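Below is one structure, written out as structure tokens; the observations come after it.
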Amino acid sequence: MFGWLDRLSLVSGPLPVVVAVCGIAGAGWLLAGRRRWFLRWALPGSIVGAVVATLILWVVVEKAWKPFPDPIETAVYVWIGVGLWAVLLVVPRAFTARKRTVPVTVVAALAVVLAVAVQINLVFYAYPTVGTALGLPDPDRIDFAEVPPPTDPVVTGNPLEDAWAPQAPPDLPASGRYTTAPVPGPASGFAARDAVVYLPPAYFADPRPLLPVLVMLAGQPGSPEDWLNGGKLAMTMDAFAREHHGLAPIVVVPDGTGSQLANPLCLDSKLGKVATYLAVDVPAWIRTHLQVDPDPRAWAVGGLSYGGTCSLQLATNHPEVYPTFLDLSGQEEPTLGDRQRTVDQAFGGDEAAFVAVNPLDLMKSRRYPDTAGIIVVGTRDDAYRGGAQKVFAAARDAGMDVQYVEVPGSHSFAVWSAGLRDEMDWLAERMGLIS
């Protein structure tokens, strides 16, 4: 029913342009008041009010609260200021107009706010379509209870595609299915939100190929669903499956933060045992509830931003669980803003405890001959690119088989979705899916 709306792009094509034009028209209407008091007081007052409110927001977020380890782009605050200006101008602009045009003033302000939202979305690429922004029903989503039980026998092989291709059934679904499920933390005690699970078309065959596992992690702020929306996870996996007889990794996106704004650093610390959750609880749950290849060589971990940092942390602290990693715009080390603050809040001031689990420090003293990874960063990501290069050099010196890749873009889903798509062949070959 909503198929066309679900596919309507918010990041390319005509819609962002149309919304921007409507926003400009709305701003023009708001500026059209001609009464002297409006021009002398209301208009400059709304501008000053928007600037002051935006500056207060910037100080609270960037200097006092610091919910995110890295600053939000200046462009985002500028657009927020524009939206605040439109809202502040609604009442005085309405008083300058005839009663029958008051609804027009309200619609004009809404047009500006909507245009602002689209522009902010273009910075992050968090919602690629109208459907993802509105949370419309997705026909590829199923309840976890609908996941088919294990089959016996299973198809195995290395590469798996060579063994599977001759017997792949012709009636495989055209796309995979995804679901959500709670993944408890009995070993860690970590209270996580539900994980997202993607199952490729071949998972619904009988007999079933024994598929590899890709664990992906979202950013901070963020949630597992971010990989479905801005990350285009299902779209990327379905495209890969169409080229490989329905084969793709099983992808599990567990919660690595516990809430939208939390930053537990993906470590075992005073902030929670997130490393144990991701290295012990999550793999145990996957092996219990899904039919997967249990060989660690068929497992990989990846993530974006905070999740990219986390993927490197897991690869260096638990290489026996995750010998393959995909670091998409990760930081050079886990942080709450700076090292001293991180050590104080997460480890009670014990820097040695932090050093013992920090990837850059671990790679100075340990060798990782069986670990491979790709580090991806945006060409315009000035805040992260230098750190990514530093991580690449340290990983190479520690004996890892690593690559460094730059993708056009900044610190956004445009980079992260492209990074996953472009590295799928490498991941699949590394996990024994293709040759």
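The values are calculated or read from the model by the stated rules, or taken from the named source; none is laboratory data. From a predicted model like this one, the values you see are computed outputs, not experimental measurements. Note that we place each Cβ from the backbone using ideal geometry, even for glycine, and neighbour counts take in every protein chain shown. SASA here: full protein model, heavy atoms, side chains in, ligands and nucleic acids out. Shrake-Rupley method; radii C 1.70, N 1.55, O 1.52, S 1.80 Å.
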Among (1) over 28 Å from G219 (Cα atoms); (2) at pLDDT below 90 - the single one L8 does not satisfy:
(1)
Of the candidates A86, A50, A64, the one satisfying the condition of being in contact with a Gly (Cβ under 6 Å, 6 or more places away or on another chain) and either at pLDDT 95 or above or more than 22 Å from G28 (Cα to Cα) (or both) is A50
Can you tell me which residue in the range 67-83 is nearest to C310 (Cα to Cα), limited to those that are at pLDDT 95 or above and not β-branched (V, I, T)?
Y77
Given the criteria β-branched (V, I, T) and open to solvent by 30 Å² or more (accessible area, probe 1.4 Å), does V280 qualify?
yes
Which count do you get for residues in the range 321-366 that are in contact (Cβ under 8 Å) with a residue 60 or more places away in the chain and of a type in the set (D, E)?
1
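Please work out if S259 is crowded, with 21+ Cβ neighbours inside 10 Å and either free of Cβ contacts under 8 Å to residues at least 12 places away in the same chain or of a type in the set (S, T, Y) (or both). Steps first, please.
Details: crowded, with 21+ Cβ neighbours inside 10 Å: no; either free of Cβ contacts under 8 Å to residues at least 12 places away in the same chain or of a type in the set (S, T, Y) (or both): yes.
Judged against the criteria, S259 is not a match.
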Tell me, please, whether a residue that is in a helix (DSSP H, G or I), of a type in the set (V, I, T), at pLDDT 95 or above and under 24 Å from G189 (Cβ atoms) can be found in the range 298-318.
yes
Could you list, in sequence order, the residues of the range 96-146 that are closer than 30 Å to A42 by Cβ and charged (D, E, K, R)?
R98, K99, R100
For A275, all conditions in the list (1) in contact (Cβ under 8 Å) with a residue 60 or more places away in the chain; (2) open to solvent by 20 Å² or more (accessible area, probe 1.4 Å) hold save one; what is the number of the exception?
(2)
When you check Q345 against the structure, is it more than 30 Å from R242 (Cβ to Cβ) and polar (S, T, N, Q), yes or no?
yes
Taking the range 124-171 as the search range and keeping residues that are open to solvent by 80 Å² or more (accessible area, probe 1.4 Å) and part of a helix (DSSP H, G or I), which one is nearest to S9 (Cα to Cα)?
L134
